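Okay, so here's the structure we're looking at.
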Amino acid sequence: MINNKITQESLIKEFYINNPNRDIPHKEIVDWVVEEWKKRTGEVFRDSDRAIRKLSQNGFLIKISKGVYKYDPTLQSQRLLEDFTSNQKKFILERDGYKCVICGRGRENGIELHIDHIKPKEFGGQATVENGQTLCAQHNFQKKTLKQTETGKKMFIRLYELAKIEGNQELIKFCTDILETFEMHNINGHIEWRK
Ligand SMILES: [Zn+2]
């Protein structure tokens, strides 16, 4: 079966994938996609500049100079498993309005913001702007803790025991709440917490 589904983005990608490791001036790619899009869909390809710029922001293309981009397959497969570039971070922060997507706190609250991989890198999550989200330091930490729930539970048990030694009631209460939540959801029941 032939998949005829074509998008403007997939057409641009097709061109670069067929022309790897070459500095390609804007005009060459634009002329090709406009003609090819017309041929395949009968429609006019509008705003091809924007579509190309988006691929550069996504890290699919390397910007060589103004209007000149390059596709490097080796770099691409490596880079996707790495961190967000500063351009991508800026794009994600602007898109999310410089606010944590969970609690809505942001710069005006004096909150430290992080760019998080929605699908984690160790599960093949890539450094694309679609896979990035703005989180405050607290929610970024919580997400990591939930992802590594065993480490999280052990950590709170240690913290709880430390709080008991110190007689720090506020910290005991905090740890108790969290550890009871683990129990309520039956998460990591094999790690024993003695109240
Ligand atoms: Zn938050």
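The values are calculated or read from the model by the stated rules, or taken from the named source; none is laboratory data. In this text, all values refer to a predicted model and were calculated from it rather than measured experimentally. Every residue, glycine as well, gets a Cβ built from its backbone with ideal geometry; the counts of neighbours run over all protein chains shown. SASA here: full protein model, heavy atoms, side chains in, ligands and nucleic acids out. Shrake-Rupley method; radii C 1.70, N 1.55, O 1.52, S 1.80 Å.
One chain, two ends: V44 and K173. Fully extended at 0.36 nm per residue, the span grows by 40.1 nm beyond their Cα-Cα distance.
Ordering H190, H139 by how much accessible area each has at a 1.4 Å probe, largest first, what is the list?
H190, H139
Among the protein heavy atoms of the chain, carbon and sulfur supply 52% of the accessible surface, probe 1.4 Å, non-protein parts ignored.
Dividing the helix sum by the residues of the chain, where each DSSP H run of 4 or more adds -39500 (n - 2.57), gives a mean residue ellipticity at 222 nm of -16000 deg cm²/dmol. With the whole protein complex present, M184 retains an accessible surface near 140 Å², based on a 1.4 Å probe. Between beta-carbons, use under 11 Å as the cut-off and find the net charge around G97, counting Lys and Arg +1, Asp and Glu -1. Summing Lys and Arg as +1 and Asp and Glu as -1 gives 0. At a probe radius of 1.4 angstrom, the accessible area of the chain per residue rounds to 64 square angstrom. Over all other residues within a Cβ to Cβ distance under 15 Å of G167, the charged ones net out to -1, with Lys and Arg as +1 and Asp and Glu as -1.
For the stretch 14-109, GluC sites (Glu not before Pro) meeting the loop criterion (DSSP other than H, G, I, E, B) and having at most 12 other Cβ atoms within 10 Å: E43, E82.
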